[in-house]
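J.: Following this message is one structure expressed as structure tokens.
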Amino acid sequence: MLKSFLISIFILLCATILESSILSNISFFYVVPDIVLICSIYFALLNGKTFGETTGFFSGLFLDFITGIPLGFNCLLRTIIGYIAGFFSETIIISGIVIPMLSVGIGTIVKTILIQLIALFFPNISIYLPGIISYNFLYEFLFNVALSPFLFKFLSFFKKQISIKNVKDLVDNV
């Protein structure tokens, strides 16, 4: 379990650096796709609530340190999303195209709603306040949904190293 957790944390760290350092500097992107959110949802759907909230917390911690958002904002946000996604780990099969798109689409909507709620406790944050009815949300939603099947497929190559379940159970579900 520790090995799968450390591999997941390393993947989230790489995704955080990719998202905040490389993709944010590409000028033709109106908004940056949330790769960290997609990875967190994948880990939560694969391993359950506890793993989802833990990886969500660490991904939020990485984002808080790298982006300069007040410490705890992304931690709280990503922990809640990881727990909610992990709640459905026993009922959702994460292969295919539709389920990743649907789960990441719902995750993006929940993220935007939670940002509005959590921003009430962080009055210094004004960049997140456009809301769910905006072009920023629409573009991020479309980017995340379009990117989710590809990232889920890429992460499935590491399924045996990331999963805390038995290898036999993984072979039966494939």
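The values are calculated or read from the model by the stated rules, or taken from the named source; none is laboratory data. Since this is a predicted model, take the numbers as computed values, not measurements. Quick reminder, even Gly has a Cβ in these numbers, built from the backbone with ideal geometry, and neighbours come from all protein chains shown. The accessibility values were calculated without ligands, DNA or RNA, using every heavy atom of the protein model including side chains. Shrake-Rupley method; radii C 1.70, N 1.55, O 1.52, S 1.80 Å.
J.: Go through segment 63-82 residue by residue and tally those that are closer than 16 Å to ILE109 by Cβ and without any contact (Cβ under 8 Å) to a residue 40 or more places away in the chain. So that I can check it myself, show each step before the final result.
T.: Applying the first criterion (closer than 16 Å to ILE109 by Cβ) to segment 63-82 yields 77-78, 80-82.
The next check asks that each one be without any contact (Cβ under 8 Å) to a residue 40 or more places away in the chain; those that pass are 80.
Qualifying residue count, segment 63-82: 1.
J.: Then there is this: Name the pairs whose Cβ atoms lie under 8 Å apart, with the first residue in segment 93-105 and closer than 12 Å to SER156 by Cβ and modelled with pLDDT under 90, the second open to solvent by 20 Å² or more (accessible area, probe 1.4 Å) and outside any helix (DSSP H, G or I), and 6 or more positions between them or separate chains?
T.: SER95/VAL174
J.: Still on this structure, I have one more. Could you list, in sequence order, all residues of segment 62-99 that are under 16 Å from GLU140 (Cβ atoms) and under 13 Å from the mean Cα position of the chain (by Cα)?
T.: LEU63, ASN74, LEU77, ARG78, ILE81
J.: Starting from segment 50-62, take each residue that is more than 7 Å from GLY86 (Cβ to Cβ) and list its partners that are aromatic (Phe, Trp, Tyr), counting only C-beta distances under 6 angstrom and pairs at least six apart or across chains.
T.: Once the first residue is more than 7 Å from GLY86 (Cβ to Cβ) and sits in segment 50-62, its partners that are aromatic (Phe, Trp, Tyr) give THR55/PHE43.
J.: Inside segment 67-98, can you point out the residues that are open to solvent by 60 Å² or more (accessible area, probe 1.4 Å) and over 17 Å from PHE122 (Cβ atoms)?
T.: Residues satisfying the conditions are TYR83, ILE84, PHE87, PHE88, GLU90, THR91, ILE93, SER95, ILE97, VAL98.
J.: In segment 113-122, is there at least one residue being in a helix (DSSP H, G or I), open to solvent by 90 Å² or more (accessible area, probe 1.4 Å), more than 19 Å from SER20 (Cα to Cα) and at pLDDT below 90?
T.: yes
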